[in-house]
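Everything below concerns the one structure shown next.
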Amino acid sequence: MEVQFTEQIEQLKLGAGATFHGEGILAITKGLLQAGVAYVGGYQGAPVSHLLDVLVQARPLMDELGVHVEACSNEASAAAMLGASLHYPLRGCVTWKSIVGTNVAADALSNLSSPGVLGGALIVVGEDYGEGASVIQERTHAYALKSTLALFDPRPDLGNMVRLVGEAFALSEASNMPALMELRIRACHVRGSFTAADNVAPRLSTRQLIAEPAGFDYMRLAHPPVTFRHEKLKVEQRLPAAQRFIVEHGLNEVFGEAAAAGPGAGGGSGLGLGLIVQGGIYPALVRALQQLGLADEAGAPAVPVLCLNVTYPLVPGQLSEFCAAKRAVLVVEEGSPEYIEKDVVQALRRLDVQTAVHGKDVLPAAGEYTVEVLVRGLLAWFERQAPGLDASDSLRAARAWLAGIDAVRADLAQVLGPLPARPPTFCIGCPERPVFSALKLAQQQVGPVHVAADIGCHAFATFEPFSSGHSILGYGMSLASRAGVSPMMQRRSIAVMGDGGFWHNGLLTGVQAALFNGDDAVLLIMKNGYTSATGTQDILNTPDDEVKAAAAASGSLHQSLAHKNRTIEDTLEGMGLQWMRVVHTYEVDHMRRTLQEALTTPFSGLKVIVAEGECQLERQRRIKPWRAGLLKRGERALRVKYGVDEDVCTGDHACIRLNGCPTLTLKDNPDPLRVDPVATVIEGCVGCGLCGENAHAATLCPSFYRAEIIQNPRWHERAAAWLRERITGALRPA
């Protein structure tokens with residue numbers, strides 16, 4: 001990929017005693033190397049992308065340590081990599097984004113956890129939950145319960161996170177359980193420091209090879225009848241071993257016990273209350289307690305807090321010890337259902353501890369637990385359990401703070417009314433936007449069609465002005481998701497898929513099935529050369545460096561990189577595809593005619609349109625340094641910009657409804673006799689030419705113009721510009 005991580009790679013080289021400063025996910029990456037990891041794999045995706053991206057670029061360091069790094073085609077293949085830890089004392093880590101990635105990996109995880117692992121196995125999951133999430137609101141916790149995987153939810157302090165990476169490997173080895181570590185967006189991007197340790201070269205590695213394979217052991221297979229024994233081992237040996245490790249190594253933390261027991265506890269003394277919280281949301285809880293006057297400026301709480309850095313398995317004895325002398329505890333557990341709360345109740349009642357347990361009865365059943373949400377929940381809890389504290393000055397101040405927030409919201413709603421919608425959209429110049437303009441035009445001719453959308457940048461087409469896409473059921477699953485729809489439709493349906501989704505899942509679940517069943521369907525593949533939605537990582541059809549350099553030197557936007565790599569086309573032809581068209585995405589009219597042909601052709605079978613157009617982000621990352629180099633050397637540099645002739649613009653704004661580009665917007669009409677605002681192209685335009693292409697394809701008003709901006713022009717260009725200025729100047733009215 002074009003993004004360089006030179007500074008981050010240098011941080012990974014730090015030795016004992018040096019100070020590491022950076023993001024949480026990079027601290028986790030450094031922790032892996034310090035823990036002696038032997039192999040790392042994964043599938044990219046925010047918020048954990050940097051873990052794999054940095055290691056891929058740090059190849060010399062990985063080779064020096066003997067660490068194998070593999071960019072996997074999907075999460076299932078990443079999880080299957082951990083099979084190396086089944087028989088050998090190899091510490092392995094794989095990573096992917098959130099619950100959707102874990103869903104894809106579920107099969108391999110089940111078959112890994114059944115026999116258990118010999119070497120430590122760690123899965124780092126970007127727990128993309130809450131208002132900042134881009135996925136469905138589910139949690140990884142269910143998989144830990146289902147497959148008996150240790151689940152870490154580290155308190156987002158960099159030193160603590162790095163410590164728990166090593167402890168996760170050690171717990172996995174001590175209990176033979178694979179371990180999951182979930183990291184929320186804020187934990188991945190929190191910045192801080194910790195004292196580094198030396199990187200540890202694994203005992204067995206790419207530099208110290210395994211001499212002989214392990215002997216055959218049927219018990220290491222996830223296959224009946226031994227799976228029945230595995231189930232008993234999970235309960236009888238692995239869970240108890242993990243629970244012992246958690247206690248002996250102090251993985252969970254208790255804060256505030258001394259403050260609550262002693263005098264001057266800021267209102268929390270002698271309450272007989274306690275809080276149990278997931279490690280990942282501990283900072284939000286502390287901030288809420290500060291708002292209530294129950295934590296000092298340094299964050300030390302006046303109410304005892306059991307911070308669960310490991311949320312599964314819980315340790316009944318540890319829970320009993322924390323709760324026994326307390327009247328009530330509140331379980332602060334983000335997300336639904338309340339797995340931890342139910343486990344706490346079950347553990348306490350089985351040990352005959354009658355402490356009252358609260359949780360979702362005072363806190364919201366679902367949604368992100370922001371500081372405001374936690375303050376409201378804590379106030380409701382104190383009303384029930386500590387009426388004396390409820391009347392304190394600090395809690396009255398907290399209520400006033402909440403009332404002020406409510407008042408501001410009410411005032412804003414009254415003054416401003418409903419806020420205007422600001423739907424996310426494609427990047428400026430994105431090569432996928434023209435395709436949906438063409439699809440919109442094609443449907444004007446053939447009628448509305450069912451569009452099966454997919455995960456990826458092209459999912460932005462579900463927003464205005466395109467509003468295109470009836471379902472999104474999984475990465476690369478669009479063609480498969482229309483299988484039950486298209487036979488019932490009078491008109492053919494269209495499935496949209498990116499090249500990243502094609503390689504991730506679509507080739508087998510969609511294309512293979514459609515060809516095998518002889519489905520009469522249309523597949524539109526966005527071939528932009530990268531898995532752009534996850535950070536523009538390279539894939540099989542990414543152009544090589546030589547082609548990129550040649551394209552940069554050409555400076556042409558329409559220099560197609562995709563056609564230099566025909567991996568997708570050759571694969572489809574090799575599978576027996578009979579109808580395929582390759583169209584450059586910016587050629588809107590050509591794309592419109594091709595879509596109409598695919599939807600109306602008498603050919604019955606799978607029809608594939610490959611929409612070529614390089615990711616604009618990657619193009620800009622390549623073009624901008626190249627252009628800057630030209631200017632620095634005093635050489636000629638050309639860039640293209642589009643604009644609107646405001647005297648010609650009719651003000652009907654059809655171009656905007658067909659385009660959706662953020663740089664194509666409105667401004668007041670300069671003609672005092674005309675009321676409607678006119679279209680205008682603002683700064684930021686990358687000169688993709690879509691506005692002009694749409695005007696041509698849809699036969700709109702000819703108000704768009706194309707301007708070439710030349711820096712350091714040649715002598716004849718200067719002369720031509722001088723002559724044009726003289727001629728046009730003479731024609732202008734005085």
Picked from the stretch 351-379 (must be among the aliphatic types (A, V, I, L, M) and part of a loop (DSSP other than H, G, I, E, B)), the residue most open to solvent (accessible area, probe 1.4 Å) is Leu351
Scanning the stretch 392-426 residue by residue, the ones that are among the small types (Gly, Ala, Ser) and loosely packed, with under 11 Cβ neighbours inside 10 Å total 7
Taking the stretch 566-589 and keeping only residues that are touching a residue at least 60 places away in the same chain (Cβ under 8 Å) and open to solvent by 60 Å² or more (accessible area, probe 1.4 Å), one is left with Met575, Glu587
Residue pairs qualifying under the 6 Å Cβ cut-off, at least six apart or on distinct chains, with the first in the stretch 505-525 being under 19 Å from Ser77 (Cα atoms) and of a type in the set (Ser, Thr, Tyr) and the second being part of a helix (DSSP H, G or I) and open to solvent by 10 Å² or more (accessible area, probe 1.4 Å), are Thr509/Ala480
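Across the stretch 91-123, which residue is farthest from Ser49 (Cα to Cα) among those that are assigned to a loop (DSSP other than H, G, I, E, B) and open to solvent by 20 Å² or more (accessible area, probe 1.4 Å)? Lay out the reasoning, then the answer.
Narrowing the stretch 91-123 to residues assigned to a loop (DSSP other than H, G, I, E, B): 91, 114-120.
Still in the running and open to solvent by 20 Å² or more (accessible area, probe 1.4 Å): 91, 118.
On the way: Arg91: 20, Leu118: 27 Å.
Residue satisfying both the conditions and the ranking: Leu118.
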Reported set for the stretch 427-452 where residues are surrounded by fewer than 23 Cβ atoms within 10 Å (Cβ to Cβ) and under 21 Å from the mean Cα position of the chain (by Cα) is Cys427, Ile428
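Only one of Asp63, Asp53 is in contact (Cβ under 8 Å) with a residue 60 or more places away in the chain, open to solvent by 30 Å² or more (accessible area, probe 1.4 Å) and either over 29 Å from Asp544 (Cβ atoms) or part of a helix (DSSP H, G or I) (or both). Can you tell me which? If you could, list the steps in order and put the result at the bottom.
Numbers: Asp53 fails: open to solvent by 30 Å² or more (accessible area, probe 1.4 Å).
The match here is Asp63.
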Within the stretch 482-518, the residues that are among the small types (Gly, Ala, Ser) and under 22 Å from the mean Cα position of the chain (by Cα) are Gly498, Gly500, Gly501, Gly506
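If we keep just the residues of the stretch 324-350 that are among the small types (Gly, Ala, Ser) and surrounded by 15 or more Cβ atoms within 10 Å (Cβ to Cβ), which is nearest to Ala365 (Cα to Cα)? Walk me through it before giving the result.
Let us first name the residues in the stretch 324-350 that are among the small types (Gly, Ala, Ser), namely 324-325, 328, 335-336, 347.
In the following step, the residues that additionally are surrounded by 15 or more Cβ atoms within 10 Å (Cβ to Cβ) were identified as 328, 335, 347.
Numbers: Ala328: 19, Gly335: 7, Ala347: 21 Å.
Going through the qualifying residues, I end up with Gly335.
Condition check ((1) in a helix (DSSP H, G or I); (2) within 30 Å of Ser493 (Cα to Cα); (3) at pLDDT 95 or above) across all residues:
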{"site": "Gln559", "(1), (2), (3)": "no, no, no"}
{"site": "Leu577", "(1), (2), (3)": "no, yes, yes"}
{"site": "Glu597", "(1), (2), (3)": "yes, yes, yes"}
{"site": "Val610", "(1), (2), (3)": "no, yes, yes"}
{"site": "Glu618", "(1), (2), (3)": "yes, no, no"}
{"site": "Ala628", "(1), (2), (3)": "yes, no, no"}
{"site": "Glu646", "(1), (2), (3)": "no, no, no"}
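For the stretch 437-458, enumerate the residues that are in contact (Cβ under 8 Å) with a residue 60 or more places away in the chain and either within 29 Å of Gln44 (Cβ to Cβ) or small (Gly, Ala, Ser) (or both). Don't jump to the end; show me each part of the working.
Filtering the stretch 437-458 down to residues in contact (Cβ under 8 Å) with a residue 60 or more places away in the chain leaves 437-442, 445-446, 449, 455-458.
Ser437, Ala438, Leu439, Ala442, Ile455, Gly456, Cys457, His458 - these are the residues of the stretch 437-458 that are in contact (Cβ under 8 Å) with a residue 60 or more places away in the chain and either within 29 Å of Gln44 (Cβ to Cβ) or small (Gly, Ala, Ser) (or both).
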Among residues of the stretch 380-389 being in a helix (DSSP H, G or I) and open to solvent by less than 10 Å² (accessible area, probe 1.4 Å), the residue farthest from Lys360 (Cα to Cα) is Phe382
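In the stretch 222-249, what residues are within 33 Å of the chain's Cα centre (by Cα), open to solvent by 40 Å² or more (accessible area, probe 1.4 Å) and either aliphatic (A, V, I, L, M) or closer than 21 Å to Leu112 by Cα (or both)? Working first, answer last.
Within the stretch 222-249, the subset within 33 Å of the chain's Cα centre (by Cα) is 222, 234, 238-239, 242-243, 245-246, 249.
Checking which are open to solvent by 40 Å² or more (accessible area, probe 1.4 Å) leaves us with 243, 249.
Within the stretch 222-249, Gln243 is the sole residue that qualifies.
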Kindly check whether there is at least one residue in the stretch 299-308 that is assigned to a loop (DSSP other than H, G, I, E, B), without any contact (Cβ under 8 Å) to a residue 40 or more places away in the chain and not small (Gly, Ala, Ser).
no
Selection from the stretch 461-476 of residues open to solvent by 10 Å² or more (accessible area, probe 1.4 Å) and either more than 22 Å from Leu658 (Cα to Cα) or out of contact with any Gly (no Cβ under 9 Å at 6 or more places or on another chain) (or both) yields Ser467, Ser468, Gly469, His470, Ser471, Ile472, Leu473, Gly474, Tyr475
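Before we move on, is Leu479 open to solvent by 40 Å² or more (accessible area, probe 1.4 Å), over 22 Å from the mean Cα position of the chain (by Cα) and at pLDDT 95 or above?
Numbers: open to solvent by 40 Å² or more (accessible area, probe 1.4 Å): no; over 22 Å from the mean Cα position of the chain (by Cα): yes; at pLDDT 95 or above: yes.
For Leu479, the condition - open to solvent by 40 Å² or more (accessible area, probe 1.4 Å), over 22 Å from the mean Cα position of the chain (by Cα) and at pLDDT 95 or above - is not met.
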Per the filter on the stretch 493-518, residues crowded, with 19+ Cβ neighbours inside 10 Å and under 23 Å from Thr601 (Cα atoms) are Ser493, Ile494, Ala495, Val496, Met497, Gly510, Val511, Ala514
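Report whether or not Glu131 is assigned to a strand (DSSP E or B) and open to solvent by 40 Å² or more (accessible area, probe 1.4 Å). Write out each step before concluding.
Values: assigned to a strand (DSSP E or B): no; open to solvent by 40 Å² or more (accessible area, probe 1.4 Å): yes.
Answer is no for this residue.
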Those residues of the stretch 648-675 that are free of Cβ contacts under 8 Å to residues at least 60 places away in the same chain and either outside any loop (DSSP other than H, G, I, E, B) or more than 20 Å from Ala697 (Cβ to Cβ) (or both) come to a total of 15
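Identify, from the list Val678, Val648, Val644, the residue that is surrounded by fewer than 19 Cβ atoms within 10 Å (Cβ to Cβ) and within 25 Å of Pro465 (Cβ to Cβ). Even if it seems obvious, please write down each step before you answer.
Working: Val678 fails: surrounded by fewer than 19 Cβ atoms within 10 Å (Cβ to Cβ); Val644 fails: surrounded by fewer than 19 Cβ atoms within 10 Å (Cβ to Cβ).
Matching residue, one of Val678, Val648, Val644: Val648.
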Within the stretch 183-212, residues being basic (Lys, Arg), outside any helix (DSSP H, G or I) and open to solvent by 50 Å² or more (accessible area, probe 1.4 Å) number 3
By residue number, the members of the stretch 390-421 that are assigned to a helix (DSSP H, G or I), among the hydrophobic types (A, V, I, L, M, F, W, C) and without any contact (Cβ under 8 Å) to a residue 12 or more places away in the chain are Ala400, Ala403, Ala407, Val408, Ala410, Leu412, Ala413, Val415, Leu416
How many residues of the stretch 697-731 are in contact (Cβ under 8 Å) with a residue 40 or more places away in the chain, closer than 27 Å to Asp668 by Cβ, open to solvent by 50 Å² or more (accessible area, probe 1.4 Å) and not aliphatic (A, V, I, L, M)? The answer is 3
Selection from the stretch 686-696 of residues outside any helix (DSSP H, G or I) and buried (at least 22 other Cβ atoms within 10 Å of the Cβ) yields Cys688
*For the stretch 6-21, state whether one or more residues are under 17 Å from the mean Cα position of the chain (by Cα) and open to solvent by 10 Å² or more (accessible area, probe 1.4 Å).*
no
Taking first residues from the stretch 214-241 that are farther than 21 Å from Leu90 by Cα and second residues anywhere that are in a helix (DSSP H, G or I) and among the hydrophobic types (A, V, I, L, M, F, W, C), the pairs with Cβ under 7 Å that are 6 or more apart or on different chains are Val226/Met219
The number of residues in the stretch 466-503 that are over 17 Å from Thr585 (Cβ atoms) and in a loop (DSSP other than H, G, I, E, B) is 18
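With closer than 27 Å to Phe463 by Cα and among the hydroxyl-bearing types (Ser, Thr, Tyr) as the only criterion, which of Thr728, Thr663 stands out?
Details: Thr728 fails: closer than 27 Å to Phe463 by Cα.
It is Thr663.
The values are calculated or read from the model by the stated rules, or taken from the named source; none is laboratory data. Just so you know, these numbers come straight off a predicted model, no measurement behind them. Glycine gets a Cβ as well: all are built from the backbone with ideal geometry, and neighbour counts include every protein chain shown. For accessibility, only protein heavy atoms count, side chains too; no ligands or nucleic acids. Shrake-Rupley method; radii C 1.70, N 1.55, O 1.52, S 1.80 Å.
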